[in-house]
Every structure is written in structure tokens, then in C-alpha cells.
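Accompanying notes for the structure given below.
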Amino acid sequence: VAVGILDVDLCGPSIPRMLCVGRQDVHQCDAGWVPVYTDAQKSLALMSIGFLLENPDDAVVWRGPKKTALIGQFVSDVAWGELDFLLVDTPPGTSDEHLAVVENLRKHKVDGAILVTTPQAVSTGDVRREITFCKKTGLRILGIVENMSGFVCPHCSECSNIFSKGGGEELAKLSGSPFLGCIPLDPQLSTSVEEGKDFIQAFPESATFSAISHIAQAVLANIAAA
Amino acid sequence: MADVPSDAPEHCPGTSSVEAGKTSACQGCPNQRICASGAARTPDPAIEEIKQKMASVKHKILVLSGKGGVGKSTFSAQLVYGLASDTSTEVALLDVDICGPSIPKMMGLEGEQVHQSGSGWSPVYVEDNLAVMSIGFLLSSPDDAVIWRGPKKNGMIKQFLRDVDWGELDYLIVDTPPGTSDEHLSVVQYLSGAGVDGAIIITTPQELSLQDVRKEIGFCRKVKLPIIGVVENMSGFVCPKCKNTSQIFPPTTGGAEKMCSDMQLPLLGQVPLDPRIGKSCDEGRSFLSLEAESPAAAAFSSIIQKIRQYCKDGVEDGSPD
């Protein structure tokens with residue numbers, strides 16, 4: 001399976017670090033910009049402004065129109081090749097980046113959007129507006145994920161609902177969207193993404209992996225059912 | 001001319017943009033010739049108007065983060081609750097997160113509306129000495145989405161700074177969305193006449209957050225915004241049952257402490273994770289008041305005291321506001 005990730009968080013591009021590709025240059029070929037591959041098999045292709053910065057700490061202080069223009073280029077000028085899936089990671093909000101992605105992908109078939117929330121009301125409060133964005137722009141909602149949903153103490157196994165519990169599931173019910181599942185807070189997941197390690201390879205037996213896997217299956221099923 | 005005139009096309013870059021009148025979107029716009037000539041790009045008179053308006057505001061502080069979800073709005077809410085606990089201090093919180101306005105909920109003001117008077121828009125009051133303004137108060141439903149491009153967001157921010165009747169304030173705290181884009185540039189630009197005391201930058205211990213904080217620091221330096229200091233949120237969790245501490249967001253590269261040391265910036269404090277913080281925010285109540293004995297409340301209070309001191313020192317220094 002060949003997957004691409006397009007990171008359109010231009011001010012805070014985290015994808016390069018999370019997938020351990022660090023300092024990489026983006027090259028041009030006849031077909032356009034060559035994405036950065038995480039492995040020799042080219043099973044995972046990435047594009048992010050993170051690869052275009054001279055210094056990873058450089059701030060991208062751009063107003064909307066400039067962000068919109070670059071995102072347009074990311075969609076039309078990257079030589080993704082044959083992909084089974086293209087995931088687009090967005091920053092929070094309902095603004096330039098989101099409109100740019102939807103408009104530029106409109107001529108291609110977009111399967112839909114996955115919405116991520118924490119269980120708290122202040123988070124679901126914003127995701128309600130994101131749901132409206134999807135409805136207004138004709139984006140199908142593949143489902144809602146409740147992230148950071150509970151923490152099991154590694155010492156005594158007590159579960160603490162640090163960011164509350166159940167808000168994502170409630171939101172799914174309220175909005176008539178599929179509920180994909182909960183992912184717990186997990187220091188091992190946090191460390192893996194920090195260090196660009198493959199969490200799934202490192203911790204295949206974990207409850208967290210099981211939760212993520214279940215969600216992935218649900219997304220695939222929803223796409224197939226369309 | 002308005003930033004985005006009512007007869008402007010969909011992708012209007014904004015009348016004060018360097019590209020005004022020159023982009024492909026400008027073709028056919030009735031204002032194209034004026035914009036292309038540069039006439040629309042004279043210094044925005046709003047900057048002087050806002051300077052006048054802000055003459056009654058002693059201290060202006062921005063709360064920034066590079067990354068989303070690090071607890072910026074949560075911190076802004078506790079900061080104003082803390083500052084306003086002294087009833088002789090007049091405090092206001094301006095929420096410029098146009099797409100994701102969570103401040104009304106956090107301050108227990110969901111469903112409130114803004115009123116117009118002869119002297120402008122009235123903010124919504126939590127207490128006699130604590131006022132709040134947010135686009136949340138202008139939306140009629142919790143499902144309403146603000147699907148606006150940069151120029152329209154900028155126009156709203158200008159109105160918030162120019163047209164709200166803040167009155168006499170000791171502190172105006174501005175809560176921002178994550179990033180280094182329109183909202184941040186506009187707030188700094190529109191307050192350039194009035195002056196800003198400084199910015200507080202919020203992070204978690206993670207390198208993924210610090211990576212974006214370094215960019216935020218770069219932004220502050222670029223626009224010459226003084227940095228009051230950095231707050232590290234979500235800094236450890238003490239299990240209520242066994243009392244062991246877990247680093248849920250491990251500081252794999254040394255956390256804010258190392259970053260502040262490397263970049264020679266003050267670390268204002270570290271706030272531990274506490275489920276009661278999120279709960280208070282969801283309920284629109286002051287965590288500081290409800291759980292005053294908690295370690296997290298002690299951390300918040302210590303940070304707030306440092307901010308008060310910074311502002312006091314600035315005044316005594318004779319530094320411009």
C-alpha cells in the first residue's frame with residue numbers, strides 16, 4: 001500500500017520530525033517536486049514546508065494569500081506517483097489552509113474528512129464548527145476520533161480522565177457522524193512521535209495500537225461503503 | 001478603504017497587502033486601479049485610532065504558542081481570573097481566535113451577546129472588573145463556523161481593538177490562535193502605535209511543541225515584540241491514587257527549561273496536568289478559585305505574580321508601554 005501525507009500546517013509543520021525524516025531537500029523532476037520518502041520501498045511519501053526551510057527553526061510568517069498559493073502548489077506540483085491514499089494534515093481552524101485544500105482537491109475525488117477532538121467540551125465546541133465547515137464545503141465526514149481519552153497509570157493502572165471523557169462520542173451522536181473510537185494518552189506514543197520512531201513496530205501489543213488499528217479499519221470500511 | 005471591500009472578489013488579498021490590485025483575483029474588481037496605484041496602502045488610520053483608544057489601557061500582553069492544543073486559552077483564562085482576583089485591578093481578555101473562539105465557554109459566558117452603545121461595542125463582563133470580547137459573542141449558534149480568509153479576519157481584529165469600549169484597564173490580555181499568521185501580524189500591526197508590553201509563549205514539554213515555539217520566538221524577534229517568558233503546560237501528571245508522577249508528554253529534548261536556557265529567555269513556570277483544570281474550563285469557572293490549594297494553582301499563581309512584576313518593572317523603568 002502506498003500512502004502520501006501532505007502537511008499543510010505551514011506555521012507549525014510537525015510531520016517531518018514525527019516521521020523521522022529530519023533535514024531533507026526537496027528535488028525537482030520532470031513531473032514536478034519529488035516528495036520525501038521515509039523508506040526505500042517508497043511506501044510512505046511526504047510533503048511539508050518543513051522540507052523547504054533552510055533552518056528548521058525558521059518561522060513562516062505568512063498571511064493567507066501566500067499560504068493559499070503554496071498549498072495550491074503542493075497539490076498540483078508534487079509528483080506523488082501512484083498512491084492508494086493521500087492524507088492531508090491540517091492546522092486547527094476553518095480558514096485559508098482549509099479552503100485552499102478543499103478548493104484545490106475539488107477536481108479530484110475527496111473521500112472525506114476525519115475530525116479529531118479531545119474529550120473536553122472546549123475542544124468539541126470547536127469541532128462542531130469544523131463539522132459545519134465540512135457540510136458547507138461538501139466534505140463527507142468519515143468520522144470523529146476522541147484523542148487523549150484517559151490515562152492509565154503505569155504504576156497502579158488507575159485510569160484518570162485528564163481531559164474529561166466521552167465528549168467525542170457525544171459529539172458524533174449529536175452531529176449524526178460516525179464515531180471512530182478513542183485513543184488514550186500514552187507516554188510511549190508521545191515519545192515515539194517525538195523521536196520519529198515507528199510506534200506500531202515498537203509497541204504492537206499496546207492498547208493504544210489496538211485503538212489506532214481499530215480506527216484505521218473503521219475509516220477503510222467507511223470509505224469502501226461510500 | 002476597508003481591508004476587504006464589500007464589492008471585492010473571493011480571493012481579495014486585502015487592500016493593504018503589497019499585492020493589492022496585482023493578483024489574478026483582482027482582475028475585474030472595481031477597486032483594482034486604486035489598489036494597484038498603492039493609494040489604498042497608506043498607513044492604516046486605525047493604528048492611530050487604536051493608539052488613542054488604548055491610552056486608557058496600562059498594560060497589553062499577548063499570549064502566543066507555536067503549536068495548537070498546548071493550553072494557551074486555558075492559561076489566558078487563568079491569567080485574567082488571577083489578575084482580577086484583586087478587585088481594584090481592571091482586567092480584560094480579548095479572544096482573537098476567530099475560527100476557534102473558546103474563551104466565552106471558559107469564562108462561563110456562552111450564549112452572551114455583545115451590545116452596541118454610543119461609545120462602541122460593550123464587552124461582556126464576568127465580574128465588575130473582568131471584561132471579555134470574542135467573536136463567539138457575535139455568533140448565533142454553537143455550530144456556526146467562521147470560514148474566513150486572512151483579510152476578513154484582520155478586519156475583525158481591527159474592529160475589536162478600535163471599536164470596543166474597554167474603558168480604563170490595568171491589563172488587556174490578548175489570546176491568539178496557534179501560529180504566526182494573519183491574526184498575529186494584525187494584532188502586532190494594529191497595536192504598533194499603542195505598544196505592547198510583551199508576549200507570553202505557551203508550550204508543552206514536547207520537542208514537537210518546542211520546535212514551533214522557536215518559530216514563535218523568531219516571529220516575536222522579527223516584529224520586535226518583547227518576550228515576557230515561556231510557560232510549560234502539561235508538565236507531568238501525579239496519579240491521584242498512587243501519587244507517582246508520569247511524564248505523559250516527555251521532555252525528550254530537555255523541555256522548556258533547556259530551550260529557555262539555550263535561548264536566554266525566562267521560564268515563568270511549569271504547570272502540571274490536573275483533570276480539574278479542564279473540568280473548570282468546560283464549566284466556565286475559575287480553576288484558581290476552585291482548587292486554590294492544588295499544585296497547579298500554585299504554579300499558575302507564581303507565574304501570574306512574575307507577570308505582574310514584569311509589568312510593574314516596565315513602568316518603573318520608564319519603558320514605553
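For chain A, relative contact order (Cα pairs under 8 Å, six or more residues apart, normalised by length) works out to 19 percent. Radius of gyration over Kirkwood radius for chain B, both on Cα atoms: the Rg/Rh ratio is 0.98.
A crude spin-label estimate for the pair A:Leu174 and B:Gln264, with each label 7 Å from Cα along the Cβ direction, gives 4.9 nm.
Every Cα-Cα pair in chain A was counted, and those over 29 Å apart are 30% of them.
Of the beta bridges in segment B:46-316, as assigned by DSSP with both residues counted there, near 20 percent are antiparallel.
Under the shape rule built on the C-alpha gyration tensor, where the axes satisfy a ≥ b ≥ c, segment B:1-70 is oblate, since a/c reaches at least 1.5 while a/b does not exceed b/c. Relative to the longest principal axis of the Cα atoms of chain A, the long axis of helix A:96-105 lies at roughly 70 degrees. The local environment of B:Ala39, defined by Cβ-Cβ distances under 14 Å, has a net charge of +2 under the rule Lys, Arg +1 and Asp, Glu -1. For the pair B:Asn244 and B:Glu257, how long in nm is the line joining their label points, each one 7 Å along Cα→Cβ? Each label point lies 7 Å from its Cα, and together they span 2.1 nm. The relative contact order of segment B:46-316, computed from alpha carbon pairs under 8 Å that lie at least 6 residues apart in sequence, is 26 percent.
What 222 nm value per residue comes from the helices of chain B, counting each DSSP H run with n ≥ 4 as -39,500 (n - 2.57) and dividing by all residues, nearest 500 deg cm²/dmol? Calculated from helices alone, the mean residue ellipticity at 222 nm is -10500 deg cm²/dmol. For chain A, the longest principal axis of the alpha carbon atoms and the long axis of helix A:64-77 meet at an angle near 80°.
Bear in mind these aren't lab numbers, they're just calculated from the coordinates by the rules spelled out. Small disclaimer: the values here were computed from a predicted structure and weren't measured. Cβ coordinates were reconstructed from backbone atoms using ideal geometry, including for glycine residues, and neighbour counts include every protein chain displayed.
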